[in-house]
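Here's the structure we're looking at; comments come further down.
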Amino acid sequence: MQPAMPGGAWAAAPLGTLPQDLLAELCQRAVQRLQSGSVSLDASQMCQRCHAAGVEITQADLCQVLRTLTWLFGTAAKNKLTAEEFSAELGKRFGFLPQPTGQVIQQVWKEKRESLLGWEDEKPVVAAGQLVDFQWKLGIAMSADSCKSLKSPCVTVALKVADGLGNVRCKSFEMTISQFQNFHSQFKEMASVLETF
């Protein structure tokens with residue numbers, strides 16, 4: 001494994017603090033990212049789970065851990081490392097990690113190695129953003145710039161979207177009733193077109 005790890009060794013330090021079940025889940029997400037080109041990670045929810053387990057970690061650290069694991073598995077797949085070679089390389093680059101952490105990562109490699117070996121040949125195109133959640137509610141306008149005046153009825157839309165790297169972002173916006181009706185009619189039109197496929 002020659003290429004440099006993203007963020008350097010400091011970026012991998014949070015790996016050693018994660019509970020084994022959450023680390024295994026992040027390893028699986030890294031594998032999914034390599035296989036599909038995209039996977040969503042709700043970093044705030046994952047942070048809450050870490051905090052509940054007594055581990056203080058930031059969303060940025062979690063995203064860096066996912067990038068590091070993706071790099072690790074991707075580089076190992078590209079070099080077609082055996083389980084033994086992967087273990088040796090992991091010890092060389094991440095020798096500072098606690099043994100249970102290394103064992104979780106090695107176990108995921110053993111389980112997923114075969115499915116990742118052909119990954120380079122079938123590398124997917126980076127996916128566009130993926131809608132994770134869509135919510136709306138009828139209310140009263142809170143900002144005058146998006147609706148004609150304060151205290152007028154509006155629809156508030158909240159979106160959760162995962163970008164091509166799997167990072168989940170939350171966005172919300174307000175629409176007047178007529179804007180929402182137009183939005184709705186466009187979605188109905190799209191749905192009717194999709195029914196022909």
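Nothing in this text is a laboratory measurement; each read-out follows from the coordinates by a stated rule. None of the values given here were measured: they were computed from a predicted structure. Backbone-built Cβ (ideal geometry, glycine too); neighbour counts: all protein chains shown.
Just add up the charged neighbours of residue 22: K/R +1, D/E -1, any other residue whose Cβ is under 14 Å from the Cβ of residue 22.
-3
What's the percent breakdown of Cα-Cα distances in the stretch 11-118 across 5 Å bins, shortest bin first?
Bin by bin from 0 Å, the calculated values are 2, 13, 25, 26, 19, 11, 4, 0.
Please give the contour-minus-distance gain from residue 187 to residue 140: 0.36 nm per residue of separation, less the Cα-Cα distance, rounded to one decimal in nm.
Length gained, residue 187 through residue 140: 14.6 nm.
Taking the Cα centre as origin and putting +1 on Lys and Arg beta-carbons and -1 on Asp and Glu beta-carbons, what dipole magnitude results for the stretch 11-118, to the nearest 20 debye?
Dipole about the Cα centre, nearest 20: 300 debye.
Would you tally the net charge around residue 58, using a Cβ to Cβ cut-off of less than 15 Å, leaving residue 58 out, and scoring K and R as +1, D and E as -1?
Every neighbour counted, the sum reads -1.
Full-extension gain between residue 133 and residue 157, please, as 0.36 nm times their residue separation minus the C-alpha to C-alpha distance.
Taking residue 133 through residue 157 to full extension adds about 7.6 nm, to one decimal.
Give me the extension gain from residue 179 to residue 194: residue separation times 0.36 nm, minus the current Cα-Cα distance, reported in nm with one decimal.
Net length gain for the segment: 3.1 nm.
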